[in-house]
Amino acid sequence: MGFTNNIVKGMFILYNKEPHLVVDRVFYSPGKGAAFNRTRLKSLKTGKIVSQTFKSNEKVEEIDVETKTMQFIYVDENNAFFMDPQTYEQISVSLDVIDHGTNYLHTDAKYVTINYEGEVLSVQLPGKIILQITETSDASRGNTATNATKEAVLETGAKVQVPLFIRQGEKVIVNTESSTYVGKAE
Amino acid sequence: MKTWQKLKENPELFKQYFVKEYIIQATREFFLARKYHELESPILTNALPQERYNDPLETKIQLKGGRDVNAYLIPTTETFNKKILAAGLGEHFVISKVFRALEDIGPDHSPEFTMLEWYHLNANYFDLMEDCEKLFVYSKKFLDGKFKKVFSTSINYQGQKISLTSPWKKLSVREGLKKYAKVELEDVQELVKFKKVMKEKGYNVDENDDWQTLFELLFANEIETNFPKNKPIFVYDYPIQVCPLTQTKKDDPLVCEKVELYIAGKEIANGYTELRDWKEQEKRFKEEQAARKELGRKPVAFDHDLVEAIKSGLPSVAGIGMGIDRVAMIFADVKNVSDVNYFPASEMFE
């Protein structure tokens, strides 16, 4: 734990005595006051995002977090369950603190939990994930526009726009941050 | 992938970039119909208005005989607007690239951006607010025409409907401070008291913080966060401490006749009833110059010519600068300033 005046995106800090993740940071100099960092902070307890502006030289308390690679096992109504592949220890994490809820949870993918003082604060999704398409229309014929897309439902229930040539049952790569189609999985 | 490559792959994308082009066309039409002149501003200048927190981009020009002279890339066209007003050009507008040196390249920021400035004679900052409302509706009509859409006075920005119907919201800084921050402007005039108030609110205050910094911190965290999402808002009557080029309000010596326009949480425009008292102007520039020195900031060349122009007589005028890239972002419904420019700074410098 320590103090820093170098707030960066992805850093974990104590703000209002609660752990927060810096999800966004923009340095700006409005010409009417010194320079500032405009940030968006995500509470790791509640998942709520707040906007906060700091002076650019302002010290914030950075916290030490521990990360662990975990395997996703299953979900119930409110929680996702993960297992430590080394110790087989199981943990549950509230779906509220997982981006996109259950949309990108799959047993084949790897997840990183962020732990602070023995508690899981958040779960980092893999940047890209391979998922099977369970539902999409057969709209490939007739439409020749190069950029046309259609909606597809993935095996997790998430919906993404995919190119027309993609068929039901195929596996696709999806960017979990932007929820967009990246390509067809081999 | 660079923007030009994306466009080549998907020509449909061009539409999004045409928004800025159309806004510039609409703006020209709007002001030419009002018989405004269009001024072409220099981009390079030898001197600047003194502002304590201004970070100009500097460059050098080599003159005959190998003599180097310093030049700045303009942060605003304002000085040229005022000089030409003093000369007698009258009402005019300018659309120019302007530059800032010390900011991140971010969703709302780029080191170079397109600024529209206009100068309305025999007007004050309230007239500028009316101009803004009319210009936006005019531009919306123009864009809807270009995109073959039915004209509507509302914009959809990132899933939020924003109504452009007059009148837009108005909030004085005094009201904002009182309503949202529970602070009376009178009570925080002295820096010591302001620091005390900010400390009590839980801010990290240190001895180097000046009045302007505390004000911006309070404004950004407690006032700006309350702005309506469904309507543009004019914030006006700023504390005199933050406006060195603005006329003080007649019946309220603590504030000046300055207005800022915010739409969708973005600062879009900044205007004021221009200060015409050359002595006052010179005094404020000297104060700002001294403040720069005290803050350890690099000095910038003093624009004596501007003081001279004001001294020669400036007509009664209100002037405003509007960030055209941000306006385009809102009309194009995109999150990032790089999505309205074919050659965004982020693709070159990051």
Could you tell me how far the Cα centroid of the range A:36-67 sits from the Cα centroid of the range B:178-195, in Å? 26 Å
Roughly how many Å is it from the Cα centre of the range B:20-56 to that of the range B:200-252, as a whole number? 25 Å
Taking neighbour counts of Cβ atoms within 10 Å as a proxy for exposure, in what order, fewest first, do B:Arg174, B:Arg67 appear? B:Arg67, B:Arg174
Give me the dipole magnitude in Debye, nearest 20, for chain A about the Cα centre, with unit charges on the beta carbon: positive for Lys and Arg, negative for Asp and Glu. 940 debye
Relative contact order %, the range B:73-116, counting alpha carbon pairs below 8 Å whose residues are six or more apart: 38 percent
Using Cβ contacts closer than 10 Å as the measure, can you line up B:Met329, A:Met11, B:Met1, A:Met70 from fewest to most? B:Met1, A:Met11, A:Met70, B:Met329
Scoring chain A by relative contact order with C-alpha pairs under 8 Å, at least six apart, yields a percentage of 14 percent
Which is farthest toward the positive dipole end of the range A:2-62 among A:Ile49, A:Ala34, A:Asn6, measuring Cα position about the Cα centre, with Cβ charges +1 (Lys, Arg) and -1 (Asp, Glu)? A:Ile49
13 Å beta-carbon shell around A:Glu61, net charge (K/R +1, D/E -1): -2
Dipole of chain B, positive end: most advanced residue of B:Pro315, B:Thr225, B:Ala328 [Cβ charges, Cα centre]: B:Ala328
Inter-chain shielding of B:102-113 (mean C-beta neighbours from other protein chains, 10 Å cut-off): 3
Spelling it out for B:Leu164: with amide H atoms placed in the peptide plane at 1.01 Å from N, the residues 5 or more places away or on another chain with amide H under 5 Å from its amide H are B:Ser154, B:Ile155
For the range A:2-62, what does the convex hull of the Cα positions come to per residue, in cubic angstrom? 69 Å³
For chain B, the helices passing both cut-offs (Cα extent along own axis of 30 Å or more, Kyte-Doolittle mean at least 1.6, full DSSP H runs) are none
Please turn the phi angles of the range B:36-42 into ³J(HN,Hα) values with the Karplus equation 6.51 cos²θ - 1.76 cosθ + 1.60 (θ = phi - 60°), one per residue in order, whole Hz, x for glycine and proline. 7, 7, 9, 9, 9, 9, x
Output ³J(HN,Hα) for the range A:47-63: one whole-Hz value per residue in order, computed from phi by the Karplus curve 6.51 cos²θ - 1.76 cosθ + 1.60 with θ = phi - 60°, and x for Gly and Pro. x, 6, 9, 10, 8, 9, 9, 10, 5, 5, 9, 6, 8, 10, 8, 8, 10
Residue (of B:Phe151, B:Leu135, B:Thr165) at the positive-pole extreme of the range B:86-173, dipole from beta-carbon charges: B:Phe151
For B:Ser172, which sequence-distant residues (separation of 5 or more, or a different chain) have an amide H within less than 5 Å of its own amide H, given hydrogens modelled in the peptide plane? B:Tyr236
Largest fluctuation, A:Gln52, A:Gln86, A:Gln168 only, Gaussian network model of chain A with Cα springs under 10 angstrom, belongs to A:Gln86
The range A:66-124: relative contact order in percent, alpha carbon pairs under 8 Å with at least 6 residues between: 37 percent
Per the C-alpha gyration tensor (a ≥ b ≥ c, the square roots of its eigenvalues), chain B is rounded if a/c is under 1.5, else prolate if a/b beats b/c, else oblate; here it's rounded
According to a simple spin-label model (label point 7 Å from Cα along Cα-to-Cβ), what is the distance in nm between A:Lys45 and A:Glu155? 3.8 nm
XL table B:Lys35/B:Lys141; A:Lys48/B:Lys229; B:Lys170/B:Lys229; A:Lys42/B:Lys161; Cα-Cα > 23 Å flagged, in table order, is A:Lys42/B:Lys161
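Every number here is computed from the coordinates shown, using simple stated rules; none is lab data. Not measured: the values here are computed from a predicted model. Note that each Cβ is placed from the backbone with ideal geometry, even for glycine, and that neighbours are counted across all protein chains shown.
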